[in-house]
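Asker: Can you keep this structure in mind? I'll have questions shortly.
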Amino acid sequence: MRTAAARARANIALIKYWGKADKSLNLPATGSISMTLSSLQTTTRVTFDTKFDRDEVSLNSSQAPEGVRQRISRFLSLVRSMAGIDLFGQVDSHNNFPTAAGLASSASGYAALAVSASRAAGLDLSRSDLSQLARQGSGSAPRSLIGGFVELGIWDGRGTQRCSLDQIASTKHWDIRLVIAVCGQHEKKISSGSGMERSRLTSDFYEQWIKTHNRDLDTARQAVKEKDISRLGPVVESSCFKMHAVALSSQPPLLYWNPITVAAMQKVWSLRETGLEGYVTIDAGPQVKVLCEAKNSKAIAEQLEAIPGVEKVFNEQPGSGVELLQ
Ligand code: DP6
């Protein structure tokens, strides 16, 4: 029997990944910049053993749906072929936050899985190799391997198909917050992966999204380095709403928001007019994440909590990268 466990935190993209350059290798068509969170996390144990006659997956102590089991089984096959082993595995994974509702559970999930599965298989992978592996599970997962502010690049078109992964700034660099309003906990009907493929194939705005992306990455990278919220915030909102414009203009349209999402967004904008500076970002689910300075985060969190229908509010600071557990 071989076993290993790892813990990874979720990350939220400030500049979004939406679109694949290669579906089979899961190569992103856009670079992305994220902040790793401090408390929303996934803990995963993987055990390979002769006693299993297929891969088994448990999520939050319940048997995973068959589609999820198969996706994870395909991922374990990648690890088996890298390690040259043929044992089936058992995956036991726990999230301390809602799964598959736009809170980046696949990012922390595949980061924790890449580390635990590779270790359990006897591999000691470099950060770059772990990043390529985690990316094949989920495009946002490599970013959860590292703490603080992280940039995942696209394949540069040369050599083997790898994407760069860099820390732009450390966990301690900037006392900034992402205040997360949980506006609905239903699992999304369309996964990010199939949503972004639909956008690539059908949205008239997709080309423009790709064309303007590097400019947004440059602005955000610089603003993070200079700790300039008034420069970072507008480009974060713009990247978010461009992504959702591409999603909405897909055929059939992809709408990830609900009425509570809209109420939360409008609240953030009205607070900003009164001098409480916060900026909205939303992923492929209804949750609203607000980027703000630490000094404003409590007041913003209280205002979001007061919106009818907001179920819970998290106040997240920059968190650390993946950990191998003993
Ligand atoms: C909107 O990483 O979930 O959260 O690579 O298909 O697993 P797959 O997609 P995934 O997409 C994340 C999309 C996003 C933006 C982001 O996190 O960059």
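The values are calculated or read from the model by the stated rules, or taken from the named source; none is laboratory data. Keep in mind that this is a model prediction, so the values were computed, not measured. Here the Cβ positions follow ideal geometry from the backbone for every residue, glycine too, while neighbour counts run over all protein chains shown. Protein only, heavy atoms only, side chains kept; ligands, DNA and RNA dropped before computing areas. Shrake-Rupley method; radii C 1.70, N 1.55, O 1.52, S 1.80 Å.
Asker: Met243 versus (1) free of Cβ contacts under 8 Å to residues at least 40 places away in the same chain; (2) under 30 Å from Ser128 (Cα atoms): which is the lone unmet condition?
Answerer: Condition (1) is where Met243 drops out.
Asker: Any residue at all in region 51-62 that is in contact (Cβ under 8 Å) with a residue 12 or more places away in the chain and within 12 Å of the ligand (Cβ to nearest atom)?
Answerer: Within region 51-62, not a single residue is in contact (Cβ under 8 Å) with a residue 12 or more places away in the chain and within 12 Å of the ligand (Cβ to nearest atom).
Every residue, every condition in (1) at pLDDT 95 or above; (2) in contact with a Pro (Cβ under 9 Å, 6 or more places away or on another chain), yes or no:
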site: Ala120; (1), (2): yes, no
site: Leu130; (1), (2): yes, yes
site: Arg143; (1), (2): yes, no
site: Ile146; (1), (2): yes, no
site: Phe149; (1), (2): yes, yes
site: Trp155; (1), (2): no, yes
site: Trp174; (1), (2): yes, yes
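Asker: Looking at region 76-90 only, could you name the residues that are open to solvent by less than 40 Å² (accessible area, probe 1.4 Å) and among the charged types (D, E, K, R)?
Answerer: Arg80 - this is the single residue of region 76-90 that is open to solvent by less than 40 Å² (accessible area, probe 1.4 Å) and among the charged types (D, E, K, R).
Asker: Turning to a different aspect of this structure: Kindly establish whether Ala111 is open to solvent by less than 20 Å² (accessible area, probe 1.4 Å) and either under 19 Å from Leu325 (Cβ atoms) or among the polar types (S, T, N, Q) (or both). Explain how you work it out, then say what you get.
Answerer: Working: open to solvent by less than 20 Å² (accessible area, probe 1.4 Å): yes; either under 19 Å from Leu325 (Cβ atoms) or among the polar types (S, T, N, Q) (or both): yes.
So Ala111 passes the test.
Asker: When region 188-211 is examined, which residues are found to be in a loop (DSSP other than H, G, I, E, B), loosely packed, with under 14 Cβ neighbours inside 10 Å and either modelled with pLDDT of 95 or more or acidic (Asp, Glu) (or both)?
Answerer: Filtering region 188-211 down to residues in a loop (DSSP other than H, G, I, E, B) leaves 188-191, 203-205.
Narrowing the set further to residues that are loosely packed, with under 14 Cβ neighbours inside 10 Å leaves 189, 204.
Asp204 - this is the single residue of region 188-211 that is in a loop (DSSP other than H, G, I, E, B), loosely packed, with under 14 Cβ neighbours inside 10 Å and either modelled with pLDDT of 95 or more or acidic (Asp, Glu) (or both).
Asker: Keeping to region 212-231, report how many residues are in a helix (DSSP H, G or I) and either away from the ligand (no atom under 16 Å from the Cβ) or acidic (Asp, Glu) (or both).
Answerer: Our first condition is that a residue be in a helix (DSSP H, G or I); within region 212-231, this holds for 213-225, 229-231.
With either away from the ligand (no atom under 16 Å from the Cβ) or acidic (Asp, Glu) (or both) added as a condition, the list becomes 215-216, 218-219, 222-223, 225, 229-231.
Here the count works out to 10.
Asker: Name the single residue, out of those in region 121-142 being open to solvent by less than 10 Å² (accessible area, probe 1.4 Å) and not small (Gly, Ala, Ser), that is farthest from Gly195 (Cα to Cα).
Answerer: Once the filter is applied, the top-ranked residue is Leu133.
Asker: Ok, one more. Looking at Glu226, Glu237, Glu293, which is the one that is of a type in the set (Asp, Glu), under 30 Å from Lys172 (Cβ atoms) and over 23 Å from the mean Cα position of the chain (by Cα)? Spell out how you get there, then give the answer.
Answerer: Values: Glu237 fails: over 23 Å from the mean Cα position of the chain (by Cα); Glu293 fails: over 23 Å from the mean Cα position of the chain (by Cα).
Just one listed residue meets the conditions, Glu226.
Asker: Something else about it: May I ask you to verify whether Ser32 is within 15 Å of the chain's Cα centre (by Cα), under 28 Å from Asn258 (Cβ atoms) and away from the ligand (no atom under 16 Å from the Cβ)?
Answerer: Details: within 15 Å of the chain's Cα centre (by Cα): yes; under 28 Å from Asn258 (Cβ atoms): yes; away from the ligand (no atom under 16 Å from the Cβ): no.
Spelling it out, it is not the case that Ser32 is within 15 Å of the chain's Cα centre (by Cα), under 28 Å from Asn258 (Cβ atoms) and away from the ligand (no atom under 16 Å from the Cβ).
Asker: For region 85-182, which fully contained strands (runs of 3 or more DSSP E) count at least 1 residues that are of a type in the set (Phe, Trp, Tyr) and within 14 Å of the ligand (Cβ to nearest atom)? Reasoning before the result, please.
Answerer: Details: elements: 88-95, 149-152, 165-169, 176-182.
Correct list: 149-152.
Asker: Checking the condition in contact with a helix residue (DSSP H, G or I) (Cβ under 8 Å, 6 or more places away or on another chain), at pLDDT below 95, open to solvent by 10 Å² or more (accessible area, probe 1.4 Å) and farther than 30 Å from Ile210 by Cα, which residue from Asn60, Asn95 passes?
Answerer: Just a single option satisfies the conditions, and that option is Asn95.
Asker: Tally up the residues in region 174-187 that are in contact with a strand residue (DSSP E or B) (Cβ under 8 Å, 6 or more places away or on another chain) and open to solvent by 50 Å² or more (accessible area, probe 1.4 Å), please.
Answerer: If we filter region 174-187 for residues that are in contact with a strand residue (DSSP E or B) (Cβ under 8 Å, 6 or more places away or on another chain), which is where we start, we get 174-183.
Cutting the leftovers down to open to solvent by 50 Å² or more (accessible area, probe 1.4 Å) gives us 175.
Count: 1.
Asker: Looking at Val246, Val310, Val224, Val280, which one is among the aliphatic types (A, V, I, L, M), touching a Ser or Thr at 6+ places or on another chain (Cβ under 7 Å) and surrounded by 21 or more Cβ atoms within 10 Å (Cβ to Cβ)? Step through it out loud before you land on a result.
Answerer: Numbers: Val310 fails: touching a Ser or Thr at 6+ places or on another chain (Cβ under 7 Å); Val224 fails: touching a Ser or Thr at 6+ places or on another chain (Cβ under 7 Å); Val280 fails: touching a Ser or Thr at 6+ places or on another chain (Cβ under 7 Å).
None of the others qualify; the one that does is Val246.
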